[in-house]
Each structure stands twice: as structure tokens, then as C-alpha cells.
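Participant: Dumping the structure here so I can ask a few things about it.
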Amino acid sequence: MPRHPLTAAHWGTYRVRSEGGRAVAMDAFERDPDPSSIGAGILDVQDGPTRIDAPMVRESWLDRGPGAATERRGCDPFVALTWAEAEPLLARELTRVIETHGNRAIFAGSYGWASAGRFHHAQSQLKRFLNLLGGFTSSVHTYSFAAAEAMIPHALGSYRPHLNTTTSWESIAGNTDLLVAFGGVPLKNGQIEAGGLGIHVQRTGLEMAKAAGTEFVTISPLRMDMPDAMGADWLAPRPNTDTAILLGIAHTLLAEGLHDPAFLDRYTTGFDRFRAYLTGEADGRAKDADWAAGIAALAAEDIRALARRMAAGRTMISVSWSLTRQDHGEQPFWAAIAVAAMLGQIGLPGGGVGFGYSASNGIGGQRAPLPAASLPQGTNPVPDFIPVARIADLLLNPGTDFEFDGQRLTYPDIRLVWWAGGNPFHHHQDIGRMLRAWRRPETVVVNEWCWNAMAKHADIVLPCTTPLERADLCISQRDPYIVAMDKVAEPPGLARDDHAIFAGLARHLGIGEAFTEGRDPADWLRRFYDETRARVPGLPDYDTLRETGWHRVPPPGEPTVMLAGFRADPVANPLDTPSGRIEIFSGTVAGFGYDDCPGHPVWREPREWLGAVGDYPLHLVSNQPAHKLHSQLDHGAVSRAGKRKGREPAVMHPDDAAARGIADGDIVRVFNGRGACLCCATLSDAIRPGVVQVSTGAWYDPETPGDPDALCKHGNPNVLTPDRGTSRLAQGPTAHSCLVDVARHEGEPPPVTAFEPPTIVRR
Ligand SMILES: Nc1nc2c(c(=O)[nH]1)N[C@H]1C(S)=C(S)[C@@H](COP(=O)(O)OP(=O)(O)OC[C@H]3O[C@@H](n4cnc5c(=O)[nH]c(N)nc54)[C@H](O)[C@@H]3O)O[C@H]1N2
Ligand SMILES: Nc1nc2c(c(=O)[nH]1)N[C@H]1C(S)=C(S)[C@@H](COP(=O)(O)OP(=O)(O)OC[C@H]3O[C@@H](n4cnc5c(=O)[nH]c(N)nc54)[C@H](O)[C@@H]3O)O[C@H]1N2
Ligand SMILES: [Mo]
């Protein structure tokens with residue numbers, strides 16, 4: 001029987017059955033032992049009322065020009081246009097902004113996950129297009145782990161290369177006696193890999209380790225962050241206290257002589273400074289297990305016992321990326337590196353530290369690096385940039401200085417914002433504050449395929465295709481599969497590929513030829529593949545790949561061990577730090593003079609946590625959703641099935657619920673001084689008392705559209721989270737440092753309207 005064509009997404013590879021230009025079924029890729037159910041979520045929303053089928057312009061903007069009634073973003077109707085009408089309109093506006101204010105007045109940092117596929121990558125297309133016009137203000141780092149991206153290079157010389165060489169499950173199984181996982185090993189997150197994946201390996205990896213005798217400790221507010229089958233010991237400290245626990249472990253190792261001075265001597269620098277902090281010599285306070293226990297609300301004996309157990313055999317420390325998305329998120333990874341260095345097992349099979357096992361499918365996967373070609377973006381002549389999570393600050397404070405990783409920078413004055421392939425109404429913290437900031441630019445342009453909050457809050461919406469509607473190539477850095485993605489559906493209405501959107505605009509602006517180089521998408525795909533093939537030996541030729549559909553690059557024969565080369569010969573293979581060694585004390589960081597991120601790992605109280613006396617008694621964990629990627633496909637059947645009474649579940653401990661007269665299934669208001677949202681109370685004893693969990697991803701659904709103080713009827717936790725930088729070093733997002741309270745919602749709750757399109761005028 002002929003096999004159905006393949007498509008690929010960040011959540012996996014699927015065989016697609018189509019009828020009449022629509023996809024009707026997504027079957028698991030036959031090679032995948034643990035396929036994700038997220039894929040089918042697109043079937044019911046590939047067309048229909050939530051699909052954007054024509055270029056759309058906000059009515060006030062169209063009638064009265066740029067900057068008109070910006071407070072009506074999110075409530076004005078949209079006017080549907082043809083491409084022939086929309087293209088010159090937008091070309092004129094771009095020209096106006098560039099001529100009047102310069103290219104730095106355009107913000108196109110455009111953070112977001114977009115879709116898998118090397119060519120139809122929305123951000124690359126946008127950036128290539130704007131670079132040809134003189135550039136734009138950009139953004140650096142991610143929402144995923146900005147604090148680590150700024151911090152870890154000071155300690156290890158680089159960050160991402162270590163993610164890509166995380167010690168693999170193959171090395172853990174058979175070598176690791178104990179895996180201590182801060183934030184667990186959340187299989188829900190392992191469904192995903194940036195750029196797509198062939199087969200899911202996290203569950204098999206865990207099972208392989210378990211079968212080989214590895215024991216597990218999970219340290220997390222949620223028991224479900226580790227599968228029950230691992231039989232892990234569960235410690236549930238106060239959220240945001242991991243650094244204190246790690247310092248308590250470090251102190252115990254030192255006090256009991258369980259550390260490895262020979263390793264510290266040969267491979268690290270600055271341990272003496274850290275030791276003086278641990279013992280209290282530096283500041284009069286020993287960071288012993290009793291001290292840590294008081295902060296974390298654990299038993300000191302449990303911390304001491306854990307330290308001894310970690311020193312008794314081969315230990316892998318996993319630190320979840322969520323630890324970086326909190327106040328002082330620079331510290332937990334640095335502290336984990338310091339503890340791993342004290343244990344002396346960095347670079348040994350199954351030992352040391354790993355940054356986020358199962359944070360995505362590739363972390364701990366065994367594969368060769370795949371240096372895939374991508375769309376040349378050209379160069380951006382505009383030097384201005386922001387650390388990505390400072391978007392609201394940028395729009396609110398033009399001309400103001402800010403600090404970042406040893407630099408003092410200035411926010412430019414932004415007049416035009418362009419987003420393609422990301423959703424700040426999903427990803428940014430304190431949506432109310434962002435909405436106020438969102439009123440500042442004169443024009444907001446968005447490329448989208450569905451009427452989410454991002455599209456609804458734009459001035460000009462350009463309708464793009466989904467991956468089902470275009471051929472592409474899936475090649476991810478952290479996956480051994482190359483997949484030839486086929487076009488399996490027809491785009492509805494006037495929807496076009498992002499490339500075609502920019503190619504059309506480029507023609508109006510006189511850069512058409514420069515943008516396309518005379519190639520069509522099929523030519524680009526062949527070129528990318530041939531370039532990749534020149535770098536990766538053993539790949540079949542392009543026509544063969546398109547015919548067979550996929551190719552697996554054989555993994556290296558030896559299990560991957562992070563920093564094995566450095567351990568084998570630290571002189572021949574130094575780290576890219578000033579000392580060439582692991583910097584437990586960094587003179588560079590100390591030299592910045594930041595009290596919120598000094599020269600070695602420290603405990604600093606988060607501004608919001610359960611150890612502080614404040615107005616709100618519960619800690620909100622707004623973690624990644626199990627049934628989708630971020631906000632993507634929230635309107636589809638798979639995500640909707642994970643809701644209760646149409647709203648996002650808020651998981652609470654039965655004691656916290658009882659104290660508030662809340663029963664399972666009640667509609668509740670989760671609130672604090674920044675905002676409020678409605679959720680459906682879901683009681684569970686698998687959560688630490690005092691913690692409430694609301695997954696991210698529910699489409700923002702204000703009760704009064706356009707009002708920054710509006711209640712979100714649907715359960716988007718980012719109306720609650722703080723918009724503050726981790727520290728002056730990284731300025732990363734701090735969603736996971738958030739206090740709230742919960743109350744029963746009395747009376748009939750307002751209906752959810754998140755999935756209703758805006759009013760559309762077809763003139
Ligand atoms: N409270 C809280 N907030 C968080 C987090 C948290 O833990 N807690 N996590 C943060 C993290 S780690 C991240 S990475 C961010 C994620 O934030 P985002 O990456 O912004 O979230 P997505 O929902 O994936 O947004 C992608 C958008 O691209 C659109 N899209 C998909 N394909 C295409 C395409 O081909 N072309 C175009 N033009 N558009 C396309 C989708 O419809 C969607 O609107 O969220 C962050 N926000
Ligand atoms: N299904 C699905 N998978 C995803 C994503 C998605 O949207 N959906 N997003 C992907 C992306 S972009 C990213 S960046 C990764 C993120 O990967 P992670 O950062 O690992 O994701 P989270 O789910 O936010 O956090 C993991 C767990 O950490 C725990 N946690 C929260 N705060 C603390 C704390 O202070 N201390 C401790 N010890 N634990 C804490 C929470 O219980 C949470 O479940 O996930 C990726 N995988
Ligand atoms: Mo992320």
C-alpha cells in the first residue's frame with residue numbers, strides 16, 4: 001500500500017490523509033515509538049471561522065491612518081482587502097516610517113516558535129526582507145532560558161553547545177546511580193523539539209535508565225513532573241528555592257569532606273571565593289542545610305541525606321529550564337554547575353550536570369550534530385536590540401537607558417512593530433502592562449494564520465499558510481531525522497506562504513529580485529538540502545529524499561558525554577572562559593558590579609515567593625501545556641479536550657481549596673494586583689500545598705476588549721505574571737516568580753469568546 005505523505009511539526013512527524021484539499025487524518029509516523037497526540041489538533045481548525053482568509057486592516061487605521069485610535073486595538077472591526085490593495089498600503093507605510101524615523105524605529109525582534117520547516121520559517125523571511133530595506137531593532141536570547149544564555153557563557157564559555165551535547169540517556173543508563181532532577185523530567189515537554197523531530201526518545205530514555213538501575217529524586221512543586229513508574233523520591237520545596245537547596249548541598253559536601261578537591265583544582269577557578277560564601281566567612285551566614293531548609297521549607301536532614309547520596313555514587317544533576325524563568329534565574333544553573341564540580345564527575349559517563357532533561361525531545365537524545373542550511377538573512381545595519389523579554393519596557397520607555405550583561409544600552413523610539421511566527425499575547429508577562437505599551441507604536445503588522453489575540457490586536461494582518469499547505473524540509477539541530485514535508489492541503493482564501501507575502505511586498509519596494517534571487521521555493525529547498533548534504537556525509541540526494549520521505553542520520557557509536565573532551569585534557573580543550581576553566585567565581589561578572597548577580601552563585605530572595613510576607617498567599621506555576629505547544633492550536637480539538645468547562649484548569653491542593661470553599665470543578669478567579677483570570681478548579685494532592693498550577697497557552701480573552709485591566713475569561717496566566725528582568729545580567733523573563741490568590745467565582749461566568757473571530761467588514 002502506498003504510504004501517505006509526511007508532514008512535520010515541532011511535536012513530531014505524521015502521515016497525512018487528505019480529501020478535497022483538506023487534511024482529514026494525521027497518523028503517527030511509523031518509526032515513532034511514542035507519538036504525540038498534539039498533531040491532530042490542527043485538523044478541525046485548518047479552515048473555518050478562526051482561519052484568516054484575506055489581508056485585514058483595522059478600521060480606524062485604514063480610515064484615519066497610522067496611529068489612529070491605538071487604544072482600540074483589540075476591539076475595532078477589521079476590513080478585508082485584496083493583496084493588490086494591501087501591498088501598496090503597507091509598502092507606503094514602511095517607506096514613511098523609514099524616511100521619517102529611520103530603520104531603528106521598526107521593531108522586528110519577532111520572538112516565537114513559528115512552525116517547523118527550514119524554508120518557511122516566518123522570522124527568517126521577515127528578517128531577510130527588512131534587512132534588505134535597511135534593518136530593524138532586534139532582540140537577543142529567548143523566553144526559554146534567557147538567564148542561562150547570558151550567565152552560563154561566563155561559567156562554561158558557552159551555553160548552547162552544551163545543550164546540544166547533553167550527556168545522552170545511553171550514557172546515563174548503566175552509569176548513573178542517581179539522577180537528581182530539579183523540576184523533574186517532564187515528559188509532557190519532551191513531546192516537542194524546535195524545528196521538528198522524527199521519533200520521541202524521552203520516555204524510552206527514562207525507562208532505559210530505570211531498567212539499568214538508576215534511582216531518581218525529583219525536586220518540584222508537582223509530582224507529575226516525573227512519571228510515577230520511575231519510583232522517584234519526591235521533594236516539594238517552596239518554588240524558587242532551588243539555589244538555596246543547591247547551596248545547602250554544597251555546604252554539606254564541603255563540611256563532610258565529600259567534595260573532590262583534585263577536580264576543583266584542575267578544572268575550575270574561584271572555588272575559594274565560593275567556599276568563603278558557603279561557610280559564612282564572607283558574610284557571617286553559613287549556607288548549611290539548616291539554613292537552606294528554612295528557605296525551602298524542607299527538612300535539613302533530607303538535604304544532608306541527599307548530598308551524601310549524591311556523593312556516594314555516579315550522580316547526574318538535571319536542572320529544568322523553568323529554573324531560569326524566575327527572579328535571579330541566573331543562579332540555579334550556576335549553583336548546579338558548582339555542585340557538579342564539587343562532586344568531580346563532570347565529563348564522566350552518566351555524571352555531572354544536564355540542562356533540562358526532557359525540556360525538549362532532543363535534550364539527552366543521542367545524535368550527531370546536523371548543521372542544516374537555512375535562509376540567508378543578510379546583515380542588519382541597525383545595532384539596536386533588546387533582551388527579548390524587555391518588549392514592554394522598550395515600547396513604554398523610548399530613550400531610556402538599561403543595563404544588560406555588562407553593557408549600558410538605550411531603548412530606541414519604536415513606531416512600527418512587525419511580528420511573524422510568534423505571539424506576545426501568549427508569551428509575554430503582565431499582559432495588562434503590555435497592552436498599555438502596545439498603544440505606543442503607530443502601526444502593528446502581524447503575519448498569522450489564525451485569529452488569536454495577537455492577530456486581533458494588530459493594525460494590519462497578513463494571512464499566511466500552515467505547514468500543511470506547503471512543501472518544506474524538516475531538519476532540527478537536535479534530531480537525527482530529516483523529513484521531506486509535503487504539501488497536503490490547499491490554503492483557504494487569499495492565504496499565502498510568508499515567503500510569498502514578503503516577495504510580493506518586496507516587488508512594491510523595488511527589492512523583489514534581491515529578496516527572491518530569482519528562485520522559487522522549490523529551488524530554495526533543493527539548495528538548502530544540497531548545502532546541508534555537503535556538510536553531512538552520507539545523505540541521499542534530494543530527489544531520493546523527496547521520494548522516500550525521510551532519512552535518519554546514524555547516531556555516533558559512543559554515548560554522548562558533555563564536556564568529556566575538556567575532562568580528558570583541559571589544556572588542549574580549554575573552555576572559552578577567561579581562565580579556560582569552569583568559573584565558579586567569574587571576575588567578569590563580578591566586574592559588572594551587579595548586586596543582583598555578583599561574581600559567584602548566591603541566594604537572593606525572589607521578589608515574589610512563599611517565604612515573603614505579601615498580599616497574595618499562593619505561588620503560581622504557569623508551566624508549559626501538555627496538549628499543545630504554547631498557544632498554538634489552542635483552538636483545536638486536542639487542546640480544547642484538555643480544558644474543563646471550556647476554561648484552563650487551575651490545579652490546587654485540596655487543603656488550599658477547602659480553606660477557600662472551593663470544590664473540584666468550580667469556576668474560580670485567580671488574581672493578584674496585576675490582573676485576574678477565570679479557570680476551572682482541579683483538586684490534586686500531587687501538588688505542593690500553597691502552589692497553584694495553570695498551564696500557559698489559553699488564548700487571552702478579555703472581558704472588555706482593549707482594556708488593560710480586563711479579566712481574562714479563559715485562563716491565560718500571563719495576565720498575572722510579573723514583567724521584571726531576572727537581573728541586570730540577563731534581563732530574562734520571570735514568569736515563575738508570581739504570587740496569587742484564588743476565589744470561587746459566584747454566579748454565571750461570562751462565556752469564553754477567545755475562539756470567535758473579530759468583526760470583519762467586507763467592503
Ligand atoms: N507564564 C509563562 N509564560 C511563558 C512561559 C512560561 O513558562 N510561563 N514560557 C515562555 C517560553 S519558554 C516561550 S518559548 C514562549 C513561547 O511563545 P511563542 O513562541 O510566541 O508562542 P507560540 O504560541 O508558539 O507562537 C507562535 C505563533 O506563530 C504562529 N505561526 C505558526 N506557524 C506560522 C507560520 O508559518 N507563519 C507565521 N507567520 N506564523 C506562524 C502561531 O499561530 C502562533 O501564533 O512563551 C513564554 N511564555
Ligand atoms: N507540550 C509542550 N512541551 C513543551 C512546550 C510546550 O509549550 N508544550 N514548550 C517548549 C519550550 S519553548 C520550552 S522552553 C520547554 C520548557 O521546559 P521547562 O522549563 O522544563 O518547562 P516547564 O513546564 O515550564 O517547567 C517544568 C517544571 O518545572 C517545575 N517548576 C516550576 N517552578 C519551579 C521551581 O521554582 N523549582 C522547581 N524545582 N521546579 C519548578 C514545574 O512544576 C514545571 O512543570 O518546554 C518545551 N516543551
Ligand atoms: Mo521556550
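Participant: Would you check if there is a residue in region 475-488 being charged (D, E, K, R), within 16 Å of ligand 3 (Cβ to nearest atom) and surrounded by fewer than 24 Cβ atoms within 10 Å (Cβ to Cβ)?
Facilitator: Just the residues of region 475-488 that are charged (D, E, K, R), to begin with: 478-479, 486-487.
Keeping just the survivors that are within 16 Å of ligand 3 (Cβ to nearest atom) gives 478.
With the extra rule that they be surrounded by fewer than 24 Cβ atoms within 10 Å (Cβ to Cβ), the set shrinks to 478.
Yes, the conditions are met somewhere in region 475-488.
Participant: Check whether at least one residue in region 81-92 is within 16 Å of ligand 2 (Cβ to nearest atom) and either surrounded by fewer than 20 Cβ atoms within 10 Å (Cβ to Cβ) or modelled with pLDDT of 95 or more (or both), and report yes or no. Show your work before the answer.
Facilitator: Looking only at region 81-92, we keep the residues that are within 16 Å of ligand 2 (Cβ to nearest atom), and these are none.
No, region 81-92 contains no residue that is within 16 Å of ligand 2 (Cβ to nearest atom) and either surrounded by fewer than 20 Cβ atoms within 10 Å (Cβ to Cβ) or modelled with pLDDT of 95 or more (or both).
Participant: With the condition kept exactly as written, say whether any residue in region 130-141 is at negative phi, within 8 Å of ligand 1 (Cβ to nearest atom) and hydrophobic (A, V, I, L, M, F, W, C).
Facilitator: no
Participant: How do the strands (runs of 3 or more DSSP E) wholly within region 397-447 filter down when requiring 3 or more residues that are in contact with a helix residue (DSSP H, G or I) (Cβ under 7 Å, 6 or more places away or on another chain): which remain?
Facilitator: Working: elements: 401-404, 407-410, 416-420.
Per the criteria, 416-420.
Participant: Name the strands (runs of 3 or more DSSP E) wholly within region 626-745 that hold at least 3 residues that are hydrophobic (A, V, I, L, M, F, W, C) and more than 23 Å from the chain's Cα centre (by Cα)? Show your work before the answer.
Facilitator: Working: elements: 649-652, 667-671, 676-683, 691-693, 739-744.
Strands (runs of 3 or more DSSP E) meeting the threshold: 667-671, 676-683.
Participant: A further question follows. Can you name every one of the helices (runs of 4 or more DSSP H) wholly within region 542-596 that holds 3 or more residues which are surrounded by fewer than 18 Cβ atoms within 10 Å (Cβ to Cβ)? I'd like the intermediate steps shown before the answer.
Facilitator: Values: elements: 542-548, 564-568, 587-592.
Output list reads 542-548, 587-592.
Participant: For region 250-271, which residues satisfy the criterion of being more than 19 Å from residue 571 (Cα to Cα) and either outside the structural domain of residue 569 (by TED's automatic domain parsing) or without any contact (Cβ under 8 Å) to a residue 40 or more places away in the chain (or both)?
Facilitator: Listed by number, the residues that qualify are 255, 257.
Participant: From the list 91, 80, 108, which one is assigned by TED's automatic domain parsing to the domain that holds residue 511, more than 21 Å from residue 192 (Cα to Cα), in contact with a His (Cβ under 8 Å, 6 or more places away or on another chain) and among the small types (Gly, Ala, Ser)? Let's see the steps before the verdict.
Facilitator: Working: 80 fails: in contact with a His (Cβ under 8 Å, 6 or more places away or on another chain); 108 fails: in contact with a His (Cβ under 8 Å, 6 or more places away or on another chain).
Answer to the check: 91.
Participant: Considering 132, 126, 156, which residue is within 21 Å of residue 449 (Cβ to Cβ), in contact (Cβ under 8 Å) with a residue 40 or more places away in the chain and either in the same structural domain as residue 630 (by TED's automatic domain parsing) or among the aliphatic types (A, V, I, L, M) (or both)? Talk me through it step by step, then tell me what you get.
Facilitator: Working: 132 fails: within 21 Å of residue 449 (Cβ to Cβ); 156 fails: within 21 Å of residue 449 (Cβ to Cβ).
Just one listed residue meets the conditions, 126.
Participant: Determine whether region 316-323 contains at least one residue that is within 16 Å of ligand 3 (Cβ to nearest atom), of a type in the set (Gly, Ala, Ser) and under 31 Å from the mean Cα position of the chain (by Cα).
Facilitator: Initial filter on region 316-323 (within 16 Å of ligand 3 (Cβ to nearest atom)): 319-323.
Narrowing further to those that are of a type in the set (Gly, Ala, Ser): 320, 322.
Going one step further and asking which of them are under 31 Å from the mean Cα position of the chain (by Cα), we end up with 320, 322.
Checked region 316-323: at least one residue is within 16 Å of ligand 3 (Cβ to nearest atom), of a type in the set (Gly, Ala, Ser) and under 31 Å from the mean Cα position of the chain (by Cα).
Participant: Kindly evaluate residue 470 against the criterion of being in contact (Cβ under 8 Å) with a residue 24 or more places away in the chain, charged (D, E, K, R) and surrounded by fewer than 24 Cβ atoms within 10 Å (Cβ to Cβ). Talk me through it step by step, then tell me what you get.
Facilitator: Working: in contact (Cβ under 8 Å) with a residue 24 or more places away in the chain: yes; charged (D, E, K, R): yes; surrounded by fewer than 24 Cβ atoms within 10 Å (Cβ to Cβ): no.
Here the answer is no, as residue 470 does not meet what is asked.
Participant: With respect to residue 190, is the statement that it is more than 21 Å from residue 152 (Cα to Cα), at pLDDT 95 or above, away from ligand 1 (no atom under 16 Å from the Cβ) and assigned by TED's automatic domain parsing to the domain that holds residue 223 true? Spell out how you get there, then give the answer.
Facilitator: Details: more than 21 Å from residue 152 (Cα to Cα): yes; at pLDDT 95 or above: yes; away from ligand 1 (no atom under 16 Å from the Cβ): no; assigned by TED's automatic domain parsing to the domain that holds residue 223: yes.
It is false that residue 190 is more than 21 Å from residue 152 (Cα to Cα), at pLDDT 95 or above, away from ligand 1 (no atom under 16 Å from the Cβ) and assigned by TED's automatic domain parsing to the domain that holds residue 223.
Participant: Just need a number here: residues in region 395-434 that are away from ligand 1 (no atom under 16 Å from the Cβ) and on the phi < 0 side of the Ramachandran plot. Talk me through it step by step, then tell me what you get.
Facilitator: To start, the set of residues in region 395-434 that are away from ligand 1 (no atom under 16 Å from the Cβ) comprises 395-416.
From what's left, on the phi < 0 side of the Ramachandran plot: 395-398, 400-404, 407-416.
Within region 395-434, residues that are away from ligand 1 (no atom under 16 Å from the Cβ) and on the phi < 0 side of the Ramachandran plot number 19.
Participant: All but one of (1) within 27 Å of residue 573 (Cβ to Cβ); (2) assigned to a helix (DSSP H, G or I) hold for residue 208, so report the exception by its number.
Facilitator: Answer for residue 208: the failing condition is (1).
Participant: If you scan region 587-611, which residues turn out to be within 24 Å of residue 220 (Cα to Cα) and either among the hydroxyl-bearing types (Ser, Thr, Tyr) or touching a strand residue (DSSP E or B) at 6+ places or on another chain (Cβ under 8 Å) (or both)?
Facilitator: 608, 609, 610
Participant: If only one of 720, 678, 618, 683 is surrounded by 24 or more Cβ atoms within 10 Å (Cβ to Cβ), away from ligand 3 (no atom under 16 Å from the Cβ) and under 28 Å from residue 187 (Cβ atoms), which one is it? Break it down into steps so the answer makes sense when it comes.
Facilitator: Values: 678 fails: under 28 Å from residue 187 (Cβ atoms); 618 fails: surrounded by 24 or more Cβ atoms within 10 Å (Cβ to Cβ); 683 fails: surrounded by 24 or more Cβ atoms within 10 Å (Cβ to Cβ).
Sole residue among the options that is surrounded by 24 or more Cβ atoms within 10 Å (Cβ to Cβ), away from ligand 3 (no atom under 16 Å from the Cβ) and under 28 Å from residue 187 (Cβ atoms): 720.
The values are calculated or read from the model by the stated rules, or taken from the named source; none is laboratory data. These numbers come from a predicted model, not from an experiment. Every residue, glycine among them, receives a Cβ derived from its backbone with ideal geometry; neighbour counts consider all protein chains shown.
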